[in-house]
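Below: one structure, written as structure tokens.
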Amino acid sequence: QKEVEQNSGPLSVPEGAIASLNCTYSDRGSQSFFWYRQYSGKSPELIMSIYSNGDKEDGRFTAQLNKASQYVSLLIRDSQPSDSATYLCAVNFGNEKLTFGTGTRLTIIP
Amino acid sequence: DAGVTQSPTHLIKTRGQQVTLRCSPISGHKSVSWYQQVLGQGPQFIFQYYEKEERGRGNFPDRFSARQFPNYSSELNVNALLLGDSALYLCASSLAVGGGAFFGQGTRLTVV
């Protein structure tokens, strides 16, 4: 069974620090990886996608992919209170669907 | 540009009833997927449609069905509702199968 694993947290980070969120997946042949942000009571919002090994940066967000280790991470620099949310890792295992982890709850402490 | 729109936003139904949820994808997106999310869990895949054909089905009972219309909008139907069907139902659209999906605001279904 193809799975995506995340630490459920909660993860508490001081304002202005770097938040590091991690995700592992079970199938080395996976091609597409996504990070979603979900505020309480809202739907998931796509914030990053990454398809090849290495880093991808978008503003304060950096996604890192290591296919050999089956590991994808999300770094949030200069964390703000508005970054407090649940972050969902999603993987496309080469089929028609996205498989999600259970999410990591992040709290930024002012 | 309008994002993915879902209706209704909230719904309360009684056990045994039937419900229909609706979704309009982002303009130009031909792939629509449905997910169920219960509290504390990530979204679980229910169906995907692409160009009006079912491309995938998750591990859900036959009480769940869906379809996609020529304008790429979609409906999710759930028959014989159970208390355990209470969840946030999410519709997502994408340009292609397997690509990044953009979610609508969801339909919060409560079965009593």
For this session: Note down, for chain B, the three equivalent ellipsoid semi-axes (square root of 5 times each alpha carbon gyration tensor eigenvalue), biggest first, whole angstrom.
Result: 22, 14, 13
For this session: State in Å² the accessible area per residue of the stretch A:10-50; use a 1.4 Å probe, count heavy atoms of protein chains only, and round to the nearest integer.
Result: 45 Å²
Exercise. Per residue, how much space in cubic angstrom lies within the convex hull of the C-alpha atoms of chain A?
Worked result: 95 Å³
For this session: Within chain B, what's the longest run with no trypsin sites (Lys or Arg not before Pro) in a DSSP loop and at most 15 other beta-carbon atoms within 10 Å? Give the range, please.
Result: B:64-112
Exercise. Gain in length, residue A:109 to residue A:60, computed as 0.36 nm per residue apart minus the alpha-carbon separation, to one decimal in nm?
Worked result: 15.9 nm
Exercise. Per-residue HN-Hα couplings for the stretch A:35-41, Karplus 6.51 cos²θ - 1.76 cosθ + 1.60 at θ = phi - 60°, whole Hz, x for Gly and Pro?
Worked result: 10, 10, 10, 10, 7, 4, x
Problem set entry | Residues of the stretch B:6-52: accessible area per residue with a 1.4 Å probe, Å² | 48 Å²
Exercise. At a Förster distance of 22 Å, what's the computed FRET efficiency of residue B:108 paired with residue B:71, Cβ-Cβ distance as r, to 0.05?
Worked result: 0.30
Seminar exercise, completed: Rg (one decimal) and Dmax (whole number) from the Cα set of the stretch A:4-58, in Å, equal 13.1, 37
Exercise. In whole percent, how big is the carbon plus sulfur part of the accessible area of chain A, probe 1.4 Å, protein atoms only?
Worked result: 46 percent
For this session: Note the buried accessible area between B and A here, summed over both chains, with a 1.4 Å probe, in Å² to the nearest 100.
Result: 1400 Å²
Exercise. Name the residues of the stretch A:30-53 whose accessible area falls by at least 40 Å² when all protein chains are present instead of the chain alone, probe 1.4 Å?
Worked result: A:43, A:44, A:46
Problem set entry | Distant-in-sequence amide H partners of residue B:17 (H built 1.01 Å from N, under 5 Å) | B:81
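The values are calculated or read from the model by the stated rules, or taken from the named source; none is laboratory data. Please read all numbers here as calculations on a predicted model, not as lab measurements. So basically every Cβ, Gly included, is an ideal-geometry build from the backbone, and we count neighbours across all protein chains shown. We work out accessible area using only protein heavy atoms, side chains counted, and drop any ligands, DNA or RNA first. Shrake-Rupley method; radii C 1.70, N 1.55, O 1.52, S 1.80 Å.
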